[in-house]
Amino acid sequence: MMLYREAGQFKTSYIADSQIFPIRQDRIIFTLFMVFAFVAVPLLGSEYWFSAILVPFLVFALAALGLNVLTGYAGQLSLGSAAFMAVGAYAAYNFQLRVEGIPIVATLLLSGGCAALVGVLFGLPSLRIKGFYLAVATLAAQFFVVWALTKFPWFSNNSSSGVISTPKIDFFGIAIDTPVRKYLFVLAVVSVLALVAKNLVRSSTGRAWMAVRDMDVAAEVIGIPLMRTKLTAFAVSSFYCGVAGALYAFCYLGSVEPDGFSLDLSFRILFMIIIGGVGSILGSFLGSAFILLLPIFLDNALPPLAALLHLPFTNATVSHIQMMVFGALIIFFLIAEPHGLARLWQIAKEKLRLWPFPH
């Protein structure tokens, strides 16, 4: 990817030329990275890292990936990502509660399917409106889903507060009850769905999404069905958000309430793809890491820095400075590269690939 040349590798078939990692070094690096994530990280990480950092990072990266499919590749704005996560979380809870012996994989698929149905329903306005008007229309999903989960106690098994406590889950007899096992399970799910998304955007469906994103009138003229293409994007995006919501409830929090899937969470997911890179699979992961890890870094770095400079900072002051630095860095990254961190990473790769010959 960076410190090697791409010349000398020839393709003799269409299948070899269209594979997801056409360069041998890419395949080797990807394999080593996955081995590191699945083998080395569980051996080296602590319970705090798994519970508070790695699992939420993967969950939100999956939700950002779903929104990126809709916004980055299909060009449809949405502010209802948290609502679709809520549908997935409560659907997974009810499947586990009411269907005895259902495997967790089937639960995730069915919960994602329920979120996809809701996403298609609220994606119908995209057939007539677009842009900020569509964003406002999808905002209705955010308020309607939270209202429905609060007003209909069946969804929360007649809980008076609407709060659900997720049951214990297992994967083919292996109990997912420790931080390490939850991390490995979430990592496996996210890895599979990320590879599916990578292949999907390279397929005819992904090309149709990008054609509609660039110019929907021209796409319709050349024979791309707008209704099916847009609704497919909403379905796939909501499916990913629904699975992320189920993992958010079962593997991260353990108990959730409707107010936990607020508009603020939808905006955070939107910021992840804007900062990470719209229309980029890698950008979803980079944006999630930026939004989640930077506040943790500032929270740990600012108090020692204040003590070193002998500044009388209270905890409240440190919190306000953290928000200011966080916002300033977001603005800086958007000014320096509007296409996000993924584009900065791509530029860095190009510079290193040509080093030491700049021309």
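The values are calculated or read from the model by the stated rules, or taken from the named source; none is laboratory data. Quick caveat, the model's predicted, so the values are computed rather than measured. In this analysis, Cβ positions are derived from the backbone assuming ideal geometry, glycine residues included, and neighbour counts consider all displayed protein chains. Each accessible area value is taken on the protein alone, full model and side chains, heavy atoms only, with ligands, DNA and RNA left out. Shrake-Rupley method; radii C 1.70, N 1.55, O 1.52, S 1.80 Å.
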Original post:
Does Ala244 satisfy the condition of being open to solvent by less than 20 Å² (accessible area, probe 1.4 Å), hydrophobic (A, V, I, L, M, F, W, C) and either within 30 Å of Ser46 (Cα to Cα) or part of a loop (DSSP other than H, G, I, E, B) (or both)?
Top reply: yes
Original post:
Quick check, is Leu117 under 20 Å from Val59 (Cα atoms), within 23 Å of the chain's Cα centre (by Cα) and either open to solvent by 70 Å² or more (accessible area, probe 1.4 Å) or not aromatic (Phe, Trp, Tyr) (or both)?
Top reply: no
Subject >> Residues satisfying the stated conditions in the range 136-175, i.e. within 30 Å of Gly45 (Cα to Cα), more than 22 Å from the chain's Cα centre (by Cα) and not charged (D, E, K, R) >> reply: Ile164, Ser165, Pro167, Ile169, Phe171, Phe172, Gly173, Ile174, Ala175
Subject >> Among (1) open to solvent by 30 Å² or more (accessible area, probe 1.4 Å); (2) in contact with a strand residue (DSSP E or B) (Cβ under 6 Å, 6 or more places away or on another chain) - the single one Ala249 does not satisfy >> reply: (1)
Original post:
Quick one: what pairs do we get from the range 214-231, first residue assigned to a helix (DSSP H, G or I), second open to solvent by 100 Å² or more (accessible area, probe 1.4 Å), C-beta under 8 Å, 6+ apart or different chains?
Top reply: Asp216/Lys130; Leu226/Glu220
Original post:
Does the range 294-314 include one or more residues that are of a type in the set (S, T, N, Q), open to solvent by 70 Å² or more (accessible area, probe 1.4 Å) and part of a helix (DSSP H, G or I)?
Top reply: yes
Subject >> Test set (1) under 16 Å from the mean Cα position of the chain (by Cα); (2) closer than 21 Å to Ala52 by Cα; (3) open to solvent by 50 Å² or more (accessible area, probe 1.4 Å) - Ala188 fails condition number >> reply: (3)
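Listed here are the residues, each with its yes/no results for (1) modelled with pLDDT of 85 or more; (2) basic (Lys, Arg); (3) within 30 Å of Thr150 (Cβ to Cβ).
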position	(1), (2), (3)
Glu257	yes, no, yes
Leu265	yes, no, yes
Ile274	yes, no, yes
Ala289	yes, no, no
Leu292	yes, no, yes
Pro303	no, no, no
Original post:
Quick one: which of Ala83, Ala137, Ala106, Ala141 is surrounded by 15 or more Cβ atoms within 10 Å (Cβ to Cβ) and either at pLDDT 90 or above or in contact with an Asp or Glu (Cβ under 6 Å, 6 or more places away or on another chain) (or both)?
Top reply: Ala83
